[in-house]
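What follows is one structure encoded as structure tokens, with my remarks underneath.
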Amino acid sequence: MNKKFIGNTAWLVGGKIFEMLVGLAVSMLTARYLGPANYGLINYVSAFTTFFVCICTLGLLNTMVNELITHPDRQGEILGTSIVLRLITSALSVAAIVLLVWVMNLGDTERLIVAVLYSLNLVFQSFDVISYYFQSKLQSWKTSLVTMSAFLAMSAYKVYLLVTQKSIEWFAFSVTLDYILISVLLLIVYKKSGGQKLKCDLKLGRDLVKRSWHFILSGLMVAIYGQSDKIMLSHMIDDTATGLYTTAATISNIWVFVLAAIVDSARPLLFAQYDTDKAAYKKNTERLYCAIIYISAAVALVFTFCPKFIINILYGEQYLDAAAPLRVLGWSVIFSYVGVVSNIYLIVEKKEKYIKYMALIGAVCNIVLNYFLIGVWGPAGAALATVITQFVVNFVLMFLFKPMRENAAMIVKGFNPVNLFGVFGMLRHKKAVAAAGAEFKKETEKSAETKISEKINTENNSEEKGKEK
């Protein structure tokens, strides 16, 4: 099982890295060809689409895999019902996006056509739920092969569009075409793998939505403060401003897989130590915060002092005005990944309910800040709004919410550079993870034995009392 789990994870991670590298290369070529204005228009429509994704997915990611594992005899119904639900919400979302773009941009036919062609990808994303079936069976290599094959084919197609100098409408529809290809391949692989016949059960559908609604709410709030800057830039300035801001945002996040790897390496140790060695758990959490803060700060300094050099190499001279927002956005990564580590604390402390409140505050904060700062500094103002929002949500709120002040104290201690000396030793010390895991298992088994003993004693006492009566 361990080998199967590791292999499954390797395919998932490897597939994402492959897609990221190829996607980055094609994205840079596309951005150079389209120019800041058309690139901004594509990302303006993309912001609307991303905003509605959380509604279309219905928060099912958090329940689907568990349902498929616990009810293997109903996998066809679970998948079929989820697909139908997503097809309905996706069709409604496409209609809503087109209506919003039409109302907000009266008379702009090109923008409306781009919105229709681009947003249709939501409908075909509905079939992504089939990938959860393969995840539940630890066969993610199949979906990784599907997505990588489709991704390569569509990357080649986009290069063809560049060579033949097609219009922006072709590039908008290429995203939808990508999901059409993935949907067809997923259905073929599912059938070849002996998957059950897909069915729809409305009662099951109501149950799935009922259990997932709060994930929809938190996802919606995150989408608002993650995409509102692009939409507001287009309306308050123009599409060129959106293109420049998107370029800066892409570059500032180009390296964050490094932080993701550090967090993923530390997470098992922290989960295990929480129940076995609270002092070690706190110390290692402080070290993890320290690593995130200082590594991010080092990269942010590079973006601060060499933005034009980096932009010129990746996107060309026409995007050099993205230097100002890049100088600012580089610092947002610090607080966004402090938030990622904070999620570990919220999970082990069972305080996940605060995530949706934090997301709501972040959405309101970002919209208000964008309204005032974009008018003053343009794309750089939107970047500053993002940094302030991340700072408020992932740092300030930790002090304001009493149940999270313990985490706030660990974040503050993470600013102590002394913690850097222990962080890399923590990440590579596999024996510590194994020992903590073994101790956790031992404690769990002990707890189970205690519960069994208590149950037996209770039953014996009940029998004795029955005899006495």
Cα-based Rg and Dmax for the stretch 255-444, where Dmax is the largest Cα-Cα distance (Å):
18.6, 61
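For the stretch 170-246, what does the equivalent ellipsoid look like in terms of its semi-axes, each the square root of 5 times an eigenvalue of the Cα gyration tensor, given largest first in whole Å?
Values: eigenvalues 250, 105, 14 Å².
Semi-axes from the Cα gyration tensor: 35, 23, 9 Å.
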Can you pick out the pairs among LYS210/LYS356; LYS210/LYS230; LYS278/LYS413; LYS353/LYS402 whose Cα atoms lie more than 23 Å from each other?
LYS210/LYS230
Mind ranking 115-123, 274-282 by how tightly packed they are, going by the mean number of other C-beta atoms within 10 angstrom, highest first?
115-123, 274-282
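Read-outs throughout are calculated quantities, based only on the coordinates presented, and are distinct from any laboratory measurement. Since the model is a prediction, treat every value here as computed from it, not as a measurement. When we count neighbours, we look across all protein chains shown, and the Cβ atoms used for this are built from the backbone with ideal geometry, even at glycine.
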